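First comes the structure, then the notes that go with it.
The values are calculated or read from the model by the stated rules, or taken from the named source; none is laboratory data. Because the structure is predicted, anything quoted here is derived from the model rather than measured. A quick note on method: Cβ atoms are made from the backbone with ideal geometry, for glycine too, and the neighbour counts reach across all protein chains shown.
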Amino acid sequence: MFEVREDEPMYALLKAVEADQKNIFGNDIDLVKNSGQPEGVSLRINGDDGVGDNPNRYKQHGFHFTADNCIGCHACEAACSEKNDLPPHLSFRSVGYVEGGTYPNFTRMNISMACNHCDDPVCLKGCPTRAYTKHPEYGAVLQDPDICFGCGYCTWVCPYNAPQLDPVEGHVQKCNMCVDRLEVGLKPACVSACLGNALEFGVIESTPENREQKKTSIPGFPDPSITNPNIRFQQTKSMPRDFSRTDSAPIKYHKNDGTGTYKPMVDKKKIKNRQWNIKKLSSRENPLVIFTLSTQAAIGAFLIAFLGSFFGVESLQTLTASNIFVPFLFSLMGLQAFVLFLSTQHLGKPMRFYRGFNNLRHSPLSREALGVAMFLNFLVVVSVLSSLDHGFFNWIVAGTILNAISDIAPFDISMLASYIPVMTKIFSFLTVISGLICLYYMYCIYRIKARPFWNHWQVATSFFGTMFSVGGVLIGLVYIPLALILENSIVGLTSSLAAVIAFGLLLEAIGHIFHARDLQKNGGEGAASYALLASKFGNTYITRNVVLGISIITVIVLGSVQLPEAWQDLLLWAVLASVILLTSLVSRALFYIMVIPTTMPGAFFWKNKGFEEHARETGLAKMPQVGVLERDH
């Protein structure tokens, strides 16, 4: 247990208070009453079996932040880092700033923020490894780095930037509410260290001494309805109508005179002229760019080939009946296996990939992983069955070998040959179903309230559009060259593929149009993401849109004409396929790098994406005290 000093000051001690029955969100403050969990259970802090004697041990605790008192000294940050022995690039608690007004009435408001140990912790629901636990003791949401495999999904879904992904160690860590101090009657280290008496801590909804407010929001704080956070605010001083952030995020906060609340808006002063920034399309999410595109293409290629043949499309029936179909299936299987392996390299601890199935009850990431695994396994079965059905494997020879090496009675294994076509269709349908399930949960992964740029149905049109467009391209890239070499017929195939590819591209284009319109209409971080997309990557964005439109028209035209020479047709389709693949790659890269989350404001040097880029480009990141890691992490 944590050692209490003999001269511990009174301000560092927890106080016993009378607690309300319900919090402001209507949830029980007593966490044991309806949970069915017994009292008196040890938290096993540092292996100690001791149990704290706090009378409010099983009531939800939370922080109270008085913005009027915060002087931005960062003592809370320092105390937290010292208590948890954190490296310079991590901080469980951060102090950010927002500024507003004009001289001489210029105002800067400091905001100290850590994990809010929410009533509805989205990090817990999103984590595929079940590394998070909401404890009835103090209502603490604790995370176990030893279970985490470093996917970083919790850092996506949390609106407050509380979980911290450590690229060096390869796992996530976060504020643990200093439960070791709470067990011995002490407040968290950050609260005890606060010089201005801005931070307080106790049973939620209890008002600290010399406080009169317990608001659920403050300028710069994300929508509390996302997670029902256990933090309350006081801010009584007169504030300007507009606040800007000191970090590089192109966001400001505008006061609604009717409600008195502040809403995020685009800060046009931080928006620059259109640029290309091609090099900055690369990011830590590169493995996910390749994984999502390739998985959608593999699912789409199989779905187009099988369902097209099943529903009587002559050109696709020719494809599935030819001997090229088996190598085609094995190429899909190889592609999917490779990108599945590549996706594990995105993890901080790739060897723990098997833990991704631990939270099927809540996490869309776990469900997507299961869908991908099912798709790949069913695809393997279909590939083997198809190779048997197409004569790539001799049943009689197989039966002879098996009977020769086994002790069982001779069995005519060739009897099963008559069942192969039926089994192939059954497993083909299972492959299609598992692929669509995989894509659905892949879509669910990105419908995150904390990331408005993603939280739009356009994600579905993008993913399913790619399934048709790049899936059709993949069939053409594999099948058409082999067919021409083997002098197989491709009559009608280019027309069939053109229709599917055009549909996929059109679906994606429609999504882009409505996405841009809705982002600008709704405002907030989503509009800021779009403004950055149209400026920092403006030339790239416009070029992508133009090429996408031209590709749709070109595919439709090429699908309706037949050139006199086969090689001319093949050359044009090869060029078009390359353009479509490149456009899809750029689109998906933009999808990942353009997100501005509903996170807390940073400072000029700390938690500032602009300064992080500057530090890496100038070499400042080589100094550990700067708190910015170099790109190789």
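General observations
- Criterion: surrounded by 21 or more Cβ atoms within 10 Å (Cβ to Cβ) and outside the structural domain of residue 95 (by TED's automatic domain parsing) - qualifying residue of 582, 629, 519, 572: 519
Rundown of residues vs (1) over 23 Å from residue 493 (Cβ atoms); (2) not hydroxyl-bearing (Ser, Thr, Tyr), yes/no style:
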| position | (1), (2) |
| --- | --- |
| 282 | yes, no |
| 291 | yes, yes |
| 296 | no, yes |
| 301 | no, yes |
| 321 | no, yes |
| 330 | no, yes |
| 342 | yes, yes |
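- Subset of region 585-607 [buried (at least 20 other Cβ atoms within 10 Å of the Cβ) and among the hydroxyl-bearing types (Ser, Thr, Tyr)]: 587, 598, 599
- Residue 587 vs. criteria part of a helix (DSSP H, G or I) and on the phi < 0 side of the Ramachandran plot: yes
- Taken as a whole, the structure places residue 358 among residues that are polar (S, T, N, Q), under 28 Å from the mean Cα position of the chain (by Cα) and modelled with pLDDT under 95.
- Residue 415 falls short on exactly one of the conditions (1) at pLDDT below 90; (2) assigned to a loop (DSSP other than H, G, I, E, B), and that condition is (2).
- Residue in region 163-170 that is in contact (Cβ under 8 Å) with a residue 24 or more places away in the chain, buried (at least 18 other Cβ atoms within 10 Å of the Cβ) and more than 21 Å from the chain's Cα centre (by Cα) present: no
- Residues located in region 263-280, provided they are under 27 Å from the mean Cα position of the chain (by Cα) and either in contact (Cβ under 8 Å) with a residue 40 or more places away in the chain or surrounded by 10 or more Cβ atoms within 10 Å (Cβ to Cβ) (or both): 263, 264, 265, 266, 267, 270, 271, 275, 276, 277, 278, 280
- Only listed residue being assigned to a helix (DSSP H, G or I), surrounded by fewer than 21 Cβ atoms within 10 Å (Cβ to Cβ) and not assigned by TED's automatic domain parsing to the domain that holds residue 474, chosen from 549, 511, 610: 610
- The lone criterion from (1) without any contact (Cβ under 8 Å) to a residue 60 or more places away in the chain; (2) assigned to a loop (DSSP other than H, G, I, E, B) left unmet by residue 24 is number (1).
- Checked against (1) assigned to a loop (DSSP other than H, G, I, E, B); (2) under 18 Å from residue 308 (Cβ atoms), residue 431 meets all criteria but (1).
- Some residue of region 563-572 being out of contact with any strand residue (DSSP E or B) (no Cβ under 6 Å at 6 or more places or on another chain), at pLDDT below 90, of a type in the set (Asp, Glu) and part of a loop (DSSP other than H, G, I, E, B): yes
- Tabulated pairs, region 192-215, first free of Cβ contacts under 8 Å to residues at least 12 places away in the same chain, second of a type in the set (Asp, Glu), C-beta under 9 angstrom, 6+ apart or interchain: 209/200
- Answer residue from region 1-51, given it is of a type in the set (Lys, Arg) and on the phi < 0 side of the Ramachandran plot and is nearest to the chain's Cα centre (by Cα) among those: 22
- Of residues in region 120-162 being part of a loop (DSSP other than H, G, I, E, B) and under 14 Å from the mean Cα position of the chain (by Cα), the one surrounded by the fewest Cβ atoms within 10 Å (Cβ to Cβ): 152
- Every test in (1) over 25 Å from residue 119 (Cβ atoms); (2) in contact with a Ser or Thr (Cβ under 7 Å, 6 or more places away or on another chain); (3) surrounded by 12 or more Cβ atoms within 10 Å (Cβ to Cβ) is passed by residue 74 save one, and that test is (2).
- Residue tally, condition assigned to a loop (DSSP other than H, G, I, E, B) and either buried (at least 16 other Cβ atoms within 10 Å of the Cβ) or hydrophobic (A, V, I, L, M, F, W, C) (or both), over region 245-260: 5
- Residue match in region 192-212 (condition: part of a strand (DSSP E or B) and aliphatic (A, V, I, L, M)): yes
- Residues that are touching a Phe, Trp or Tyr at 6+ places or on another chain (Cβ under 7 Å), assigned to a helix (DSSP H, G or I) and touching a residue at least 40 places away in the same chain (Cβ under 8 Å), drawn from region 337-355: 339, 342, 343, 352, 353, 355
- Residues that are over 26 Å from the mean Cα position of the chain (by Cα) and polar (S, T, N, Q) were ranked within region 217-245; the one that is farthest from residue 104 (Cα to Cα) is 234.
- Qualifying residue in region 361-368 (condition: over 18 Å from the mean Cα position of the chain (by Cα), buried (at least 19 other Cβ atoms within 10 Å of the Cβ), touching a residue at least 24 places away in the same chain (Cβ under 8 Å) and part of a helix (DSSP H, G or I)): no
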